[in-house]
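Peer 1: I have a structure here, written as structure tokens, and I will follow up with some questions on it.
The values are calculated or read from the model by the stated rules, or taken from the named source; none is laboratory data. Not measured: the values here are computed from a predicted model. So basically every Cβ, Gly included, is an ideal-geometry build from the backbone, and we count neighbours across all protein chains shown.
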Amino acid sequence: MFELIPFDRHTRNLASFDPFRMLDEMDRRFMTSAPAVSAFRTDVMDTGDAFKLEAELPGFKKEDIKIDIENDCLTISAERSADTKEEQKGSYVKRERFYGSFSRSFDVSGINVDAIEAAYTDGVLTVTLPKKAAEVPASRRLEIK
């Protein structure tokens, strides 16, 4: 029967074949080819009666951040544009900051969406997501006929 062994020109010996090394190399190539990650880091904490979401958005103005809720989905998006006046003044030796749009979505099906609050301080967006009150199913007794 045929065996599923990838062909490697440099190594034709099965003893030196390491599938984990191959996956690691593939992952490294995939991750380094992308110029920047278009998402931001978030922490979600359970405070008992609510969830507290903290998102790192350094360098953004409050006006550049948008929070939308649609169909039990909360979307946080922010957009940063390059300053064309700064680009004309000097030439960059190295440029690592990414300009563009960032977006993350979260499921808010168990959240009271009318009571959500947000604040932005020191590059951290804090969104308080109060939980819905637990609905106790109505109990009843059936009469046997």
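Peer 1: Which of the numbered conditions does PHE102 fail, given that it passes all the others? Conditions: (1) assigned to a loop (DSSP other than H, G, I, E, B); (2) at pLDDT below 90; (3) of a type in the set (A, V, I, L, M, F, W, C).
Peer 2: Here PHE102 meets the rest and fails (1).
Peer 1: Could I ask something else about it? How many of the residues making up the stretch 105-145 are under 19 Å from ASP43 (Cα atoms), assigned to a loop (DSSP other than H, G, I, E, B) and not acidic (Asp, Glu)?
Peer 2: 5
Peer 1: Which residues, taken from the stretch 123-137, are surrounded by 13 or more Cβ atoms within 10 Å (Cβ to Cβ) and either of a type in the set (Val, Ile, Thr) or touching a helix residue (DSSP H, G or I) at 6+ places or on another chain (Cβ under 6 Å) (or both)?
Peer 2: Those that are surrounded by 13 or more Cβ atoms within 10 Å (Cβ to Cβ) and either of a type in the set (Val, Ile, Thr) or touching a helix residue (DSSP H, G or I) at 6+ places or on another chain (Cβ under 6 Å) (or both): VAL124, THR126, VAL127, THR128, PRO130.
Peer 1: On to the next question. How many residues does the stretch 92-144 hold that are among the polar types (S, T, N, Q) and farther than 21 Å from SER81 by Cα?
Peer 2: Going through the stretch 92-144 one residue at a time, the tally reaches 6.
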